[in-house]
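The values are calculated or read from the model by the stated rules, or taken from the named source; none is laboratory data. The model shown is predicted, which means the values in this text are computed figures rather than measured ones. Using ideal geometry, Cβ is built from the backbone for each residue, glycine included, and neighbour counts are taken over all protein chains shown. Heads up: the accessible areas ignore ligands, DNA and RNA and are worked out on the full protein's heavy atoms, side chains in. Shrake-Rupley method; radii C 1.70, N 1.55, O 1.52, S 1.80 Å.
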Amino acid sequence: MKLIDEELVKPEVTKLPSDDKKHPFVGKRLSEIINQGLPPIKKLIGELILPEELTIIFGDSSLGKSAWAYSLAKSIHRGCSLNMGNGVFFENECGPIPVIYFDFELSDRQIVSRNEFVEDKEDIHIFKLERGEVIESDPKECFYQLKMAADGIEAKCIVIDNLTAISNDLEKGENAKKFMRAAINLVKDEGYTVIILTHTPKLKNFEPLNLKHIKGSSTIGQLADNVIGFAQVNTTNEGEAYIKQIKNRNYRVSYGANKSIHTRIEVNNGVLKHEALGFSNEMDLLFGGSGIATDKAPDREFYAMAQIYYGSSRKAHEKLKEVGLSLSHTAINGHYQELKQIFPDKVSAYEQMDKNELKAQLDLKSPKEDVFLPDADDHLKLNEIPF
């Protein structure tokens, strides 16, 4: 019998297309990176916005994001620090950087209402979309168009107002990733500073700001270098808002929940702008607290306990209303959240208490003396336990 040729029985080895290609990575030793003589990072708008980085500014409409963005743009263009008043001051260490402001939101009349007269030498360029023209939907092509416009006036800082004008369906993670990659390439590879304004459709009334509130996929906040949020202050005073620093890759967050920037939108000399009222705790701005210490808000612990005992802020609101304590459920939740932030161990202890013990503590702390609070729906008192 004839033997089969050994060459015919050798298994075939499938060769991948990438086997002959070099990998796409560039490697350096840590010592090389440290010793390559990179200059220290300079502040552009204090620690809020840094040069050659991508910053996202988000918030509800009618809170003055555009008015503040124009203030940022003028400070960057002039190379001067931003003074918002009342000790709220953001240093500029970079000097003048030419700015191009893509305004897809405001009419010329609205722009006039937000800006005072400026000299030509310190004038930012405002670009709008020409009638009949469209912005490329592909992120790479879109940012190439923006870059061409910026290069035409030698601008190295790009402000985009707002995100929806240059993007499409960023709720999808893959679309958001492509968009952010194109923006980051403009920053990292081309040396531009990019500031993008956007809205937040996900924010409930008086909810503390975080990355999830940015319109679109969570990828946007995750990939941005810096994130700054705007929200409304819970007050009867008109025009009050606060600005919260949520993310910063290079510095610790300095203007976060414990030191948000409390502002009031005012018209000074015919110009709409943010005047700072100082720094405040975010929970106090949202829920009307008078300080971070419990002794400055003596009922805070009571309402926090009520939310725990009744099971939710809404149930607590309904039950307490029966005895004339008509605090809104959002305010009740605010007291709970703030107490949890300041005294997490105390809140944890309340959450582990027996229902009878917690109810007894709640009655002792009630703002209404000699009034027994309603029992929770799921509270089975000891004397009702069958034998």
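For the stretch 136-158, the criterion of being touching a Gly at 6+ places or on another chain (Cβ under 9 Å) and over 18 Å from residue 65 (Cα atoms) is met by at least one residue. Only residues that are among the charged types (D, E, K, R), outside any helix (DSSP H, G or I) and surrounded by fewer than 16 Cβ atoms within 10 Å (Cβ to Cβ): list them for the stretch 145-158, please. Selection gives 154 alone. Checking 338, 357 one by one, the residue that is in a helix (DSSP H, G or I) and open to solvent by less than 40 Å² (accessible area, probe 1.4 Å) is 338 and no other. Of the residues making up the stretch 368-387, those that are touching an Asp or Glu at 6+ places or on another chain (Cβ under 9 Å) and at pLDDT 85 or above are 373, 374.
A single member of 130, 154 is of a type in the set (Asp, Glu), free of Cβ contacts under 8 Å to residues at least 12 places away in the same chain and within 20 Å of residue 99 (Cα to Cα), and it is 130. I'd like to verify a number: residues in the stretch 263-292 that are modelled with pLDDT under 90, among the charged types (D, E, K, R) and not in a helix (DSSP H, G or I), how many? So the count comes out to 2.
Looking at the stretch 360-375, which of the residues that are of a type in the set (A, V, I, L, M, F, W, C) and farther than 24 Å from residue 284 by Cβ is least open to solvent (accessible area, probe 1.4 Å)?
Among those residues, the one meeting the criterion is 373.
Only residues that are surrounded by fewer than 19 Cβ atoms within 10 Å (Cβ to Cβ) and out of contact with any Asp or Glu (no Cβ under 8 Å at 6 or more places or on another chain) were counted in the stretch 32-50, giving 10. Among the residues of the stretch 196-216, none is identified as closer than 20 Å to residue 44 by Cβ and open to solvent by 20 Å² or more (accessible area, probe 1.4 Å).
For (1) open to solvent by 50 Å² or more (accessible area, probe 1.4 Å); (2) in a helix (DSSP H, G or I), each residue gets a yes or a no:
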site: 58; (1), (2): no, no
site: 67; (1), (2): no, yes
site: 73; (1), (2): no, yes
site: 92; (1), (2): no, no
site: 96; (1), (2): yes, no
site: 101; (1), (2): no, no
site: 106; (1), (2): no, no
site: 110; (1), (2): yes, yes
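Sort out which residues of the stretch 360-372 are on the phi < 0 side of the Ramachandran plot, among the acidic types (Asp, Glu) and in a loop (DSSP other than H, G, I, E, B), and write them in order of number. 369 - this is the single residue of the stretch 360-372 that is on the phi < 0 side of the Ramachandran plot, among the acidic types (Asp, Glu) and in a loop (DSSP other than H, G, I, E, B).
Right, residue 142: in contact (Cβ under 8 Å) with a residue 12 or more places away in the chain, out of contact with any strand residue (DSSP E or B) (no Cβ under 8 Å at 6 or more places or on another chain) and surrounded by 13 or more Cβ atoms within 10 Å (Cβ to Cβ) or not? Taking the combined requirement at face value, the residue satisfies it. Residues that are touching a Leu at 6+ places or on another chain (Cβ under 7 Å) and among the small types (Gly, Ala, Ser) within the stretch 169-208 comprise 176, 183, listed in sequence order. Among the residues of the stretch 176-184, is there at least one that is buried (at least 22 other Cβ atoms within 10 Å of the Cβ) and small (Gly, Ala, Ser)? Yes.
Taking (1) touching a helix residue (DSSP H, G or I) at 6+ places or on another chain (Cβ under 8 Å); (2) touching a residue at least 12 places away in the same chain (Cβ under 8 Å); (3) farther than 18 Å from residue 65 by Cα in turn, residue 249 satisfies each apart from (1).
Check the stretch 217-227 and report whether any residue there is within 24 Å of residue 336 (Cα to Cα) and open to solvent by less than 10 Å² (accessible area, probe 1.4 Å).
Scanning the stretch 217-227, I find no residue that is within 24 Å of residue 336 (Cα to Cα) and open to solvent by less than 10 Å² (accessible area, probe 1.4 Å), so the answer is no.
Checked across the stretch 159-174, the condition of being modelled with pLDDT of 95 or more and open to solvent by less than 50 Å² (accessible area, probe 1.4 Å) holds for at least one residue.
Restricting to the stretch 228-245, name every residue that is assigned to a strand (DSSP E or B) and crowded, with 22+ Cβ neighbours inside 10 Å. 228, 229, 230, 231, 241, 242, 243, 244, 245 - these are the residues of the stretch 228-245 that are assigned to a strand (DSSP E or B) and crowded, with 22+ Cβ neighbours inside 10 Å. Every condition in (1) at pLDDT below 85; (2) out of contact with any strand residue (DSSP E or B) (no Cβ under 8 Å at 6 or more places or on another chain); (3) open to solvent by 70 Å² or more (accessible area, probe 1.4 Å) is met by residue 129 except one, and the failing one is (1).
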